[in-house]
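Here's the structure, in structure tokens; my notes come after.
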Amino acid sequence: MSLPDIAAYDRAGLERLFSEMGEPRYRARQVLRWLWVRGASSFEEMTDLAASLRQTLAERFTIGRPELVAREVSSDGTRKYLWRLADGATVESVGIPSGNRLTVCFSTQAGCAMGCAFCATGASGFTRNLSAGEMAAQVAGVARDFSARVSNAVAMGQGEPFANYDATLAALRILNDPDALGIGARHITVSTCGIVPGIERFAAEPEQFTLAVSLHSAVQTTRDRLMPGVRRYPLAALKDALLRYFAATGRRPTLEVALISAVNDTDEEIDSLVAFCTGMPVHVNLIPMNPVEGSPFSRASDERVRKVLHALSDAGIETSVRAERGADISAACGQLRQRVSGA
Ligand code: SAH
Ligand code: SF4
């Protein structure tokens with residue numbers, strides 16, 4: 001049996017572990033720094049721990065390090081990475097530089113079980129949940145590759161974060177921890193397809209993490225068709241959860257809408273979208289859908305995207321259109337999928 005990965009522990013987890021071992025709490029801080037600041041790949045390197053403790057840790061744990069198997073660089077500087085995990089599962093991440101910011105989009109699962117009709121990950125099915133260490137290591141790996149600090153992290157790669165809630169939260173805490181990646185909580189975003197109990201739990205977390213929800217349509221039948229995995233959380237329940245999220249946190253969630261020609265860019269869809277957002281403290285992010293191979297859907301025209309933008313703006317709803325990055329390397333939303341055969 002393989003040993004557990006110490007990188008999967010956030011500070012609270014390490015503190016519990018060391019207290020069980022009769023070690024002082026500050027061991028957690030030391031180990032976090034070795035793993036995430038100095039990038040140690042063995043316990044032997046952790047020279048401020050007693051030799052006997054290093055030995056015990058080495059007998060009980062491994063240090064997980066996803067292996068980089070492919071890397072593509074876009075003409076706009078965006079980089080896409082394919083990592084192989086300890087059991088051979090593969091996941092992708094994207095690094096998006098912009099001025100002095102570096103945003104990393106990381107995966108929370110290998111594959112995804114939600115089956116959204118327009119998403120490449122959804123089409124490839126579900127493999128397994130990632131551990132917190134496997135999530136944070138993607139972000140650390142991209143930082144290393146850019147030789148830069150990561151300013152923003154978004155759980156918008158493969159997988160549904162709230163279908164893997166505990167590990168995702170532990171990963172966000174590692175990303176946020178000043179002794180690990182040190183990314184500000186407000187600069188860490190989770191995107192969910194709308195799992196209502198997950199939104200409720202997230203609202204009660206003490207950190208100021210940012211929430212994004214993939215809406216895609218405010219017409220129930222359209223949403224059910226596009227996003228079969230969240231049929232059991234109808235729009236009214238979603239709206240209610242978002243209002244309660246705002247009441248509890250004072251933070252406005254982002255609603256993501258990938259615009260698909262003749263599916264969710266019609267006048268009727270626009271009216272429903274405006275009605276859904278009216279009276280809600282939200283920011284709407286319009287994303288021209290990225291074409292996915294073998295999919296019957298095509299992206300909305302620029303004219304329809306503008307129409308949606310204006311309808312929402314005219315109704316006083318704060319709206320933006322997401323700039324496309326890394327299109328030449330298929331690094332855009334929903335295009336991440338496994339390409340290494342046999343993986
Ligand atoms: N499972 C989560 C997060 C990962 S998907 C979620 O669904 O929110 C990240 C974002 O990419 C989501 O908003 C998703 O709806 C969007 N997306 C998926 N496929 C897309 C495509 N082909 N074009 C544009 N956006 C897409
Ligand atoms: Fe999963 Fe998100 Fe893709 Fe839907 S859009 S299949 S929830 S990764």
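Couple of notes before you dig in:
- Exactly one residue out of T168, T222 is closer than 26 Å to W34 by Cα, at pLDDT 95 or above, hydroxyl-bearing (S, T, Y) and assigned to a helix (DSSP H, G or I), and it is T168.
- Failed criterion for V308 (all others in (1) buried (at least 19 other Cβ atoms within 10 Å of the Cβ); (2) among the β-branched types (V, I, T); (3) under 30 Å from P206 (Cβ atoms) hold): (3)
- For the criterion of being at pLDDT 95 or above and under 27 Å from P288 (Cα atoms), S107 passes.
- Qualifying residue in the range 24-33 (condition: in a strand (DSSP E or B), open to solvent by 30 Å² or more (accessible area, probe 1.4 Å) and not polar (S, T, N, Q)): no
- R304 meets the stated requirement of being in the same structural domain as H187 (by TED's automatic domain parsing), more than 16 Å from ligand 2 (Cβ to nearest atom), of a type in the set (D, E, K, R) and out of contact with any strand residue (DSSP E or B) (no Cβ under 6 Å at 6 or more places or on another chain).
- Condition check for S52: modelled with pLDDT of 95 or more and over 20 Å from the mean Cα position of the chain (by Cα): yes
- Of the residues making up the range 226-243, not a single one is of a type in the set (V, I, T), open to solvent by 20 Å² or more (accessible area, probe 1.4 Å) and out of contact with any Phe, Trp or Tyr (no Cβ under 6 Å at 6 or more places or on another chain).
- Residues of the range 172-190 satisfying the condition of being within 16 Å of ligand 2 (Cβ to nearest atom) and either surrounded by fewer than 22 Cβ atoms within 10 Å (Cβ to Cβ) or over 8 Å from the mean Cα position of the chain (by Cα) (or both): T189
- Matching option when the condition is open to solvent by less than 20 Å² (accessible area, probe 1.4 Å), of a type in the set (V, I, T) and more than 22 Å from A40 (Cα to Cα), among T103, T108: T108
- V274 open to solvent by less than 20 Å² (accessible area, probe 1.4 Å) and of a type in the set (A, V, I, L, M, F, W, C): no
- Beta carbons closer than 6 Å, at least 6 apart along the sequence or on distinct chains, pair a first residue in the range 266-284 that is under 15 Å from R251 (Cα atoms) with a second that is open to solvent by 50 Å² or more (accessible area, probe 1.4 Å) for P281/F246; P281/R252; V282/R252; H283/R252; H283/E318.
- Contact map, the range 150-179: first residue within 17 Å of A332 (Cβ to Cβ) and within 16 Å of ligand 1 (Cβ to nearest atom), second residue open to solvent by 10 Å² or more (accessible area, probe 1.4 Å) and of a type in the set (G, A, S), Cβ cut-off under 8 Å, separation 6 or more or different chains; pairs are V154/S191; A155/S191; M156/S191.
- Unmet requirement for Q55, which otherwise passes all of (1) outside any loop (DSSP other than H, G, I, E, B); (2) among the polar types (S, T, N, Q); (3) within 16 Å of ligand 2 (Cβ to nearest atom): (3)
- Subset of the range 135-149 [of a type in the set (V, I, T) and within 16 Å of ligand 1 (Cβ to nearest atom)]: V139
- Tally of residues being open to solvent by 30 Å² or more (accessible area, probe 1.4 Å), within 25 Å of R322 (Cβ to Cβ) and either within 16 Å of ligand 2 (Cβ to nearest atom) or under 14 Å from the mean Cα position of the chain (by Cα) (or both) across the range 191-215: 1
- Residue within the range 278-293 that is of a type in the set (A, V, I, L, M) and open to solvent by 60 Å² or more (accessible area, probe 1.4 Å) present: no
- Taken over the range 225-244, the criterion of being without any contact (Cβ under 8 Å) to a residue 60 or more places away in the chain and within 15 Å of ligand 1 (Cβ to nearest atom) is satisfied by R231, Y233, L238, A241, L242.
Rundown of residues vs (1) assigned by TED's automatic domain parsing to the domain that holds A148; (2) in contact with a Pro (Cβ under 8 Å, 6 or more places away or on another chain); (3) under 19 Å from L181 (Cα atoms); (4) open to solvent by 30 Å² or more (accessible area, probe 1.4 Å), yes/no style:
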residue	(1), (2), (3), (4)
E15	no, no, yes, yes
G22	no, no, no, yes
R38	no, no, yes, yes
F43	no, no, no, no
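The values are calculated or read from the model by the stated rules, or taken from the named source; none is laboratory data. Computed from a predicted structure; not experimentally measured. A quick note on method: Cβ atoms are made from the backbone with ideal geometry, for glycine too, and the neighbour counts reach across all protein chains shown. Side chains are part of the model used for accessible areas, which takes the heavy atoms of the whole protein and leaves out ligands, DNA and RNA. Shrake-Rupley method; radii C 1.70, N 1.55, O 1.52, S 1.80 Å.
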